[in-house]
Amino acid sequence: MYSIFERIVNLQSRGSDIYPKGIFPSQRTNSSWKYTREDSNVFATASILFILKGIIIYLPNHQKGKIAELTSNAKGAFEKYANMHGGLTYNFWQTKPSQHFPNGRLFQYFKHFKLPDDIDDTALIYIIQQRNKEEVEQLRGKVIQHSQPFKKGTNYAYNTWFGQNMPFENDVCALCNLLYLFLDADLELCNEDLASLDFIAKSIQSQSFIDEPFKVARHYASTPLIIYHYARLMGSFEIPVLENQKELLITKTLELFANEKNAMNKLLLHTSLLRFGHNMSFKMNEEELSNSKFYPFIGAPFAPFSSFLPKRIAPKPWAIINWQCEALKLTYIIENEVLKMSYT
């Protein structure tokens, strides 16, 4: 485990033409196009630090010190991803100046592919920055404001996007991260929070996380990743509407675990079971984990179009952009190891 941790530490950028100091390198790729580009997004970095923050209590002091150093380095880079007008939110890509599809040859020249700020990156960064309750309350007001134009009344789940020109979208993984932030800040749940929790619960009850992963989590679109996000939220907070679905989740996760061939997916399912409170043995094969294809998040450039043909095309593998990040993959591995040790 020590060597894995050191590899994560060594992967953080010390500053280059492509990656700001504090950002972990990742790549966007599609094998159908033989397409690979270096990508300086903030999501991979925020995800790594969020996971490390969650397991830091189980680590020795020298590793705690290293995590503090990694976090400090990343915090210095977060400003590059902050809302370009000085608002409360954060973007997937750098905003000052705008760098959507960095190192690209096509998409970076089209405004259509420029992403607005989103709840996912914003929530993860707020958690890492340990924003105070008042700041999180202000952010929640912003999230409500940007969700209201799309639905009448107050019984709706939060929209993923803060932009005005993006279609309304619910993503259960992004919602899990946002609600984690609100619960971690000890906010009293409002109608919009409850509606979002209900949306998550219905995605479990209907088993759409298995049957329609792209529909319920367009930027993850993977059943193991979706279950992992359910478990990360439910393992940290007792939420009655989700606790009612826990037995179903455990049953389905065990079924999927027994049949899963991809080593990283199997690891995520095992981590989820541990977070659900279901301890079982799992011996990792480092070679299989290293060689397994794993994309912790994806992009669907055609999904925002409202016409029929792009909607049909959007989930096709050749139309998907996959993101990979070695440091994030290693962080999922070390998280699993630490959680297993916490049971001994």
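Figures for the structure shown
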item	result
Residue match in the stretch 291-314 (condition: assigned to a helix (DSSP H, G or I) and at pLDDT 95 or above)	no
Residue check, Ile298 more than 23 Å from Ser342 (Cβ to Cβ) and not polar (S, T, N, Q)	yes
Test: residue in the stretch 2-20 that is in contact (Cβ under 8 Å) with a residue 40 or more places away in the chain, among the β-branched types (Val, Ile, Thr), buried (at least 19 other Cβ atoms within 10 Å of the Cβ) and not in a loop (DSSP other than H, G, I, E, B)	yes
Residue match in the stretch 35-54 (condition: assigned to a helix (DSSP H, G or I) and among the hydroxyl-bearing types (Ser, Thr, Tyr))	yes
Filtered residues of the stretch 46-70 (kept if surrounded by fewer than 19 Cβ atoms within 10 Å (Cβ to Cβ) and among the polar types (S, T, N, Q))	Asn61
Failed condition for Lys283, given (1) over 24 Å from Trp161 (Cβ atoms); (2) of a type in the set (D, E, K, R); (3) under 20 Å from the mean Cα position of the chain (by Cα); (4) surrounded by fewer than 16 Cβ atoms within 10 Å (Cβ to Cβ)	(3)
Any pair with Cβ under 9 angstrom, 6 or more apart, that starts in the stretch 229-254 at a residue that is assigned to a loop (DSSP other than H, G, I, E, B) and ends at one that is surrounded by fewer than 17 Cβ atoms within 10 Å (Cβ to Cβ) and polar (S, T, N, Q)	Asn244/Gln205; Gln245/Gln205
Test: Leu115 is modelled with pLDDT under 95, of a type in the set (A, V, I, L, M) and within 23 Å of the chain's Cα centre (by Cα)	yes
Unique match (being exposed (fewer than 15 other Cβ atoms within 10 Å of the Cβ), closer than 27 Å to Glu137 by Cβ, of a type outside the set (Gly, Ala, Ser) and at pLDDT below 90) among Lys34, Lys96	Lys96
Contacts under 7 angstrom Cβ, first residue in the stretch 275-295 being within 19 Å of Gly235 (Cα to Cα), partner at pLDDT below 90, 6 or more apart	Asn279/Tyr343
Output for the stretch 12-50, where each listed residue is among the hydrophobic types (A, V, I, L, M, F, W, C) and touching a Leu at 6+ places or on another chain (Cβ under 8 Å)	Phe24, Phe43, Ala44, Ala46, Ile48, Leu49, Phe50
Residue list for the stretch 204-222, filter: outside any loop (DSSP other than H, G, I, E, B), buried (at least 22 other Cβ atoms within 10 Å of the Cβ) and either touching a residue at least 40 places away in the same chain (Cβ under 8 Å) or polar (S, T, N, Q) (or both)	Ile204, Val216
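The values are calculated or read from the model by the stated rules, or taken from the named source; none is laboratory data. In this text, all values refer to a predicted model and were calculated from it rather than measured experimentally. Here Cβ is always computed from backbone atoms with ideal geometry, including for glycine, and neighbour counts include all displayed protein chains.
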